[in-house]
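Structure first, then comments.
The values are calculated or read from the model by the stated rules, or taken from the named source; none is laboratory data. Note that the structure is predicted; figures quoted are calculated from it, not measured. Using ideal geometry, Cβ is built from the backbone for each residue, glycine included, and neighbour counts are taken over all protein chains shown.
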Amino acid sequence: MLKGIYSAASGMNFQSKQVEVISQNLANANTTGFQKSRLIGKSFNDFLLDMDQPGAVGLGVGIDGLARNKNLGDVLITNNPLNVALRSDGYFLLRDAQGKEILTRNGNFTLNRDSNLVSQRGELVLDSERKAIRVEGDPERLSIRSDGRILDGEDELGKLMVVNPPDAAITNFPLAPAGLNGFANAVVQHKAIEESNVEIIGEMVALLDANRNYGFAQKAITTQDNILNKTANDLGRIQ
């Protein structure tokens, strides 16, 4: 009986965390380059296989990780010469004021007062040598090739550093794992940004499902708690 309560409680915890993830997706539906995520649960059968005693009651569902959806978002043409949309897997590599490397798919770049290419939050956009990209001329003269090379007329200013770490290596997004190399298959589109891949209707349906499943687990706990209390009272009368 206690295992049943624990199993239902673990289900409530999982669905509660899933609601948080889905809510985060919805909150970022209009964030450039945002990729939606979903919690991955460890199945009931997996829990049974992990247990030592055959035929024992499983202990519910656990969190097996966070899966990021890699589907490309739609392209929004901006005609802004400082905008770049990724049209492949991978992330632009940035560096913040503390020297930490940051992953992002948000190519809505601008220039700081030093004429360096930066994110809207001021993080430096890095080139393939992990250096800042300086744009001293008129940004309207810029052209960015599909492989990430940035040209000012005939002069090459650098090549955008795009990396593609495996999901397992990304333990604290958006911080980049150490030792990343450039992603050879990266493809970018100039004068455009990538919209979020969040589908609002789909996320709303998923949110309703998670809340409903949370309610089912909550009712299961109440039912088993009532049975446990009744059993205890019956035993008390027998004594």
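Among the residues of this structure, Ile221 counts as one that is in contact (Cβ under 8 Å) with a residue 40 or more places away in the chain and over 17 Å from Lys70 (Cα atoms).
The set of residues from region 120-146 being assigned to a loop (DSSP other than H, G, I, E, B) and in contact with a Lys or Arg (Cβ under 7 Å, 6 or more places away or on another chain) comprises Glu123, Ser128. For region 210-232, indicate whether the set of residues that are modelled with pLDDT under 95, touching a strand residue (DSSP E or B) at 6+ places or on another chain (Cβ under 8 Å) and of a type in the set (Val, Ile, Thr) is non-empty. Checked region 210-232: no residue is modelled with pLDDT under 95, touching a strand residue (DSSP E or B) at 6+ places or on another chain (Cβ under 8 Å) and of a type in the set (Val, Ile, Thr). If the condition is being exposed (fewer than 14 other Cβ atoms within 10 Å of the Cβ) and over 30 Å from Gln18 (Cα atoms), then region 63-111 contributes Ile77, Asn79, Ala97, Gln98, Gly99.
Would you check if Leu180 is over 18 Å from Val84 (Cβ atoms), touching a residue at least 40 places away in the same chain (Cβ under 8 Å), hydrophobic (A, V, I, L, M, F, W, C) and surrounded by fewer than 17 Cβ atoms within 10 Å (Cβ to Cβ)? No: the conditions fail for Leu180. If you go through region 151-170 and keep only what is surrounded by 15 or more Cβ atoms within 10 Å (Cβ to Cβ) and either in a loop (DSSP other than H, G, I, E, B) or in contact (Cβ under 8 Å) with a residue 24 or more places away in the chain (or both), you end up with Leu157, Gly158, Lys159, Leu160, Met161, Val162, Val163, Asn164, Pro165, Ile170.
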